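Colleague: Shown below is the structure under consideration.
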Amino acid sequence: MRKMKIGITCYPTVGGSGVIATELGKMLAEKGHEVHFITSSTPFRLNKTYANIYSHQVEVNTYSVFQYAPYDIALATKIAEVIKNEKLDLMHVHYAIPHAVCAILGRDMAGSNIGIVTTLHGTDITVLGSDSSLKEAIRYGIEKSDIVTAVSDSLRDQTYDLIKPDKKIETVYNFVDEREYFPQDSKELKAELGIEPDQKVMIHVSNFRNVKRVQDVVETFSQARQQLDCKLLLVGDGPEMGRIIQQVRDLGLEDHVLFLGKRDSLAEFYNISDIKILLSEKEAFGLVLLEAMACGVPVIGSNIGGMPEIIEPGVNGYLVELGDTQRAAEYAVEMMSDEGKLEELREGALKTVSDRFHSSKILEHYEGLYEQLLAKD
Ligand code: GMT
């Protein structure tokens, strides 16, 4: 395979799309490609120096003549500069707006004809796609990209429904770095957190946005605890946190719920957990499900978005209808009280990751798409 010069633009802050973009860039660089991140700040997972990776930061100046700082224009200008100076072969942008639109403008400014790959991650379609002031820009970003991918069939179909683009959209699933997410013994961490060695643990990881319905997770845990002694780890932070703290107090669960805040390294928390729970009302894929499964943790998810494409009921976890906390609690108790079944589900979770979502497979898929673009030249 020929070595390519690839520009990547994503939101660099914590969030699934930024994680996927950064991990993809790191793995491409390991395979010998030259990767140029063009972002507003260094992506948070790019926390050390890597061979073949370069970071270009977008500077946005504020002038009194502007009511709003022109970030999108500054990004497009930076993309143009990097395309020309570094002689990029292609751009891979994450999110239709603003990133695809900025890449199209940047390519034009540079007088270049390099290919643009756009990956849709979810919020850019399921939330922004319903906003009439943005819909046309999203459609433009999709239609003017050379290749468009979505992180699940569900997101692909939702994009066709909501945006109606005249463009083929290909599904390329999320992946994890299996060298970071794998089953390992974390007994010491369990003790440090004051959890008894044989006490069962449920984990939820999210950005505590309304769509994550963390209140359903707490409600499920509360019902499960009536039948089985267990703890709940809540990892992450976000707008709903105050409401969740109050709910935990109201249910008298303060001693059983551990608020762990935002964490960079999640593998050790998955490795002290028995089940993972994600009851969102919108979830294009659910990267955190894959992270948990890669550590051998089976999952309970809601039957929406991309989750049914990952969760095989009875094999690697269970699906419940949106808001059905009673069923979720029944599954949680069933899973945590039957060691034999839990072991089977653990094996199923690990097998799912290696058979269907292995990073090498996803990476090859993206590289194949890049090759298609270059072959057009
Ligand atoms: O889940 C979030 O709120 C963050 C969001 C993002 O844009 O970073 O995650 C989206 O992209 C992830 C990576 O492709 C997916 O695994 C998440 O399911 C998706 N989130 C939603 O669709 C809500």
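No value in this document is a laboratory result; all are computed from the given coordinates. In this text, all values refer to a predicted model and were calculated from it rather than measured experimentally. Here the Cβ positions follow ideal geometry from the backbone for every residue, glycine too, while neighbour counts run over all protein chains shown.
Colleague: In percent, how large is the relative contact order of the chain, given Cα pairs closer than 8 Å and 6 or more residues apart?
Modeller: About 13 percent, as a whole number.
Colleague: Quick check on the exposure proxy: order Leu279, Leu363 from fewest to most C-beta atoms within 10 angstrom.
Modeller: Neighbour counts put them in this order, fewest first: Leu363, Leu279.
Colleague: Can you give me the angle between helix 71-86 and the longest principal axis of the chain, using Cα atoms only, in degrees from 0 to 90, rounded to the nearest 10?
Modeller: Value to nearest ten degrees: 70.
Colleague: Using label points projected 7 Å from each Cα along Cα→Cβ, tell me how many nm separate Ser133 and Asp153, to one decimal.
Modeller: My value for the distance between the label points is 3.7 nm.
Colleague: I would also like to ask the following. I want to check the label-to-label distance for Arg356 and Gln184. Put each point 7 Å from Cα in the C-beta direction and report it in nm to one decimal.
Modeller: Label-label distance for Arg356 and Gln184, simple model: 2.7 nm.
Colleague: Here's something else I'd like to know. Starting from the Cα-Cα distance between Leu322 and Gln226, subtract it from 0.36 nm times their residue separation and give me the gain in nm to one decimal.
Modeller: Fully extending the segment from Leu322 to Gln226 adds 32.4 nm.
Colleague: So which trypsin sites (Lys or Arg not before Pro) in the stretch 28-61 pass both tests, a DSSP loop state and at most 10 other Cβ atoms within 10 Å of the Cβ?
Modeller: Passing both the DSSP loop test and the Cβ count: Lys48.
Colleague: Also: In this model, which of Lys48/Lys282; Lys87/Lys144; Lys78/Lys144; Lys48/Lys262; Lys48/Lys361; Lys31/Lys351 are farther than 23 Å apart at the alpha-carbon?
Modeller: Correct reply: Lys48/Lys282; Lys48/Lys361; Lys31/Lys351.
Colleague: Okay, next question. Using 10 Å bins from zero, what percent of all Cα-Cα pairs in the chain falls into each bin?
Modeller: 5, 23, 31, 23, 13, 4, 0
Colleague: Excluding the sites themselves, what is the longest stretch of the chain that contains no GluC sites (Glu not before Pro) in a DSSP loop with at most 11 other C-beta atoms within 10 Å?
Modeller: It runs 60-253.
Colleague: While we're on this one: What FRET efficiency do you get for Lys164 and Arg209 if R0 is 35 Å and r is their Cβ-Cβ distance, rounded to the nearest 0.05?
Modeller: So the FRET efficiency works out to roughly 0.85.
Colleague: Just flag the trypsin sites (Lys or Arg not before Pro) in the stretch 121-165 sitting in loop per DSSP whose Cβ has no more than 15 other Cβ atoms within 10 Å.
Modeller: none
Colleague: Can I ask one more? About the Cα centre of the stretch 187-356, what is the dipole size in debye to 20, counting +1 per Lys and Arg Cβ and -1 per Asp and Glu Cβ, all else neutral?
Modeller: So the dipole magnitude of the stretch 187-356 works out to roughly 440 debye.
Colleague: Distance in nm between label sites at Phe66 and Glu281, each 7 Å beyond Cα in the beta-carbon direction?
Modeller: 3.5
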